[in-house]
Amino acid sequence: MDFNLNKTVQPARMPSKVTKQERTDEMSGIVDQFESMAFDVEDFEPSSNEPCVNFYSFIDKPESYLMFRQEYFLFEESLKTEQLGYPLGVTYDEILKEWLICDRNKNQIVRINMESELMNITEPSQFKNASAIVVYKEGQSVAVLTSEYRLRNFSIHIYNVKYQYRNCFASYTEKIYGMRNQMRGLAKSVGGNLLSLDLVYHGTKSLRVLKKNVGAKVFKLEGAVNPSFIATYRSTVAVSDLGVNRVSIFNLDDSDWKNAHFSVLKVISTVPTIPIDELANQSGFKFVAGMQFDMNGLLLIGDAKGHTIKVNV
């Protein structure tokens, strides 16, 4: 939370007689402050990383195409009026029924409620250079990746959507997290920690696991060139690499922080020679982009240039 420490210091006054009512009010204030502190601790207790969406509901039979329907988007005119600067990260809260979108250029989060048909925007400059977002606690908060300057000095904030305030989860100013490089993507681990991708310019790219008030563990992504998107389901982690056009699937179990385990499960790659009319029936991509797991562990992968969305079992 942000506090204003620039308060005017008042001159000291002689103590006066305290009434019973004043003493009661003072104790009440102490209790309120204690409860507020307890609520702050609650902010850093995430829900699980198991999604609620079921991709099978979009498939009418085995080995068939995903079934989509075109509908009128209620907020099309509103978004035109607001003129989004550079929408980057996006997430959906299944309980709040809200889409939350990072607008990097306008330093804000756009909230779109699909039930109330309302759109809300956070205060300007509240989330500087926001580039990634993930639901932290369903129905309550999201984690947002921000940076003081473009591509450097990164921090992660927990934003309480209900009460509209934020707390810092980790920052480049705290040495225990080792956030010295450019970071991309944000996801939750099976152990309740946060994951992001380290983009070292001259060196091996890595997956960074951040545990609140403890520190970070770093796992190398051998052969990665430009890892950008990350998705998780239980101990399964998917990373899409825009530099080599592939998706790598890993196992990460950080339930026991001291003995966290990380290993490669499989790699989904392609060559850019697949004809566009054959791409839908092939396992590769033209330009792999974002991903999302469902409640069954199925991975939905977007192909930005191939104009396809595929489910990986």
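What follows draws every value from the coordinates through simple rules; no lab data is involved. Given the structure is predicted, the values throughout are model-derived calculations rather than measurements. Glycine gets a Cβ as well: all are built from the backbone with ideal geometry, and neighbour counts include every protein chain shown.
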Whether the stretch 174-313 is rounded, prolate or oblate, judged on the alpha carbon gyration tensor where a/c under 1.5 counts as rounded: prolate
Length released on extending from residue 90 to residue 255, taking residue separation times 0.36 nm less the Cα-Cα span: 56.8 nm
Across 212/286; 205/286; 106/175, pairs whose alpha-carbon gap is larger than 27 Å: 212/286; 106/175
Order of 248, 263, 196 under a 10 Å beta carbon neighbour criterion, fewest first: 263, 248, 196
Estimated Rh, the stretch 111-200: Kirkwood, alpha-carbon pairs, angstrom: 13.9 Å
Pair residue 225, residue 162: separation of 7 Å Cα→Cβ label points (nm): 4.6 nm
Debye-sum result for the stretch 190-238 in log10 I(q)/I(0), which assumes one identical scatterer on each alpha carbon, at q = 0.16, 0.25 Å⁻¹: -0.46, -1.00
Chymotrypsin sites (Phe, Trp or Tyr not before Pro) restricted to DSSP loop in the stretch 166-229 with at most 16 other C-beta within 10 Å: 201
Estimated distance in nm for a label pair at residue 283 and residue 105, the labels positioned 7 Å out from Cα along Cα-to-Cβ: 4.0 nm
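For residue 180 and residue 114, calculate 0.36 nm times their separation in residues minus their Cα-Cα distance, and state this gained length in nm to one decimal. Can you show the working numbers first?
Details: separation 66, 0.36 × 66 = 23.76 nm, distance 3.79 nm.
Between residue 180 and residue 114, full extension yields 20.0 nm more.
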Fewest-first sequence of 291, 183 by Cβ atoms within 10 Å of each Cβ: 291, 183
For 221, 84, 74, 186, order by how many other beta-carbon atoms lie within 10 Å, fewest first: 74, 84, 221, 186
Residue 171-residue 218 FRET efficiency (beta carbon distance; Förster radius 25 Å; 0.05 resolution): 0.90
Zone residues, the stretch 236-265, relative to residue 44, backbone N less than 18 Å from point 7 Å out along Cα-to-Cβ: 255-258
Paramagnetic reach from residue 74 (point 7 Å along Cα→Cβ, amide N under 17 Å) across the stretch 97-126: 97-101, 110-121
Low-density loop positions, trypsin sites (Lys or Arg not before Pro), the stretch 158-252 - DSSP coil, at most 11 other Cβ in 10 Å: 162
Relative contact order of the stretch 74-143, defined on C-alpha pairs under 8 angstrom at six or more residues apart (%): 29 percent
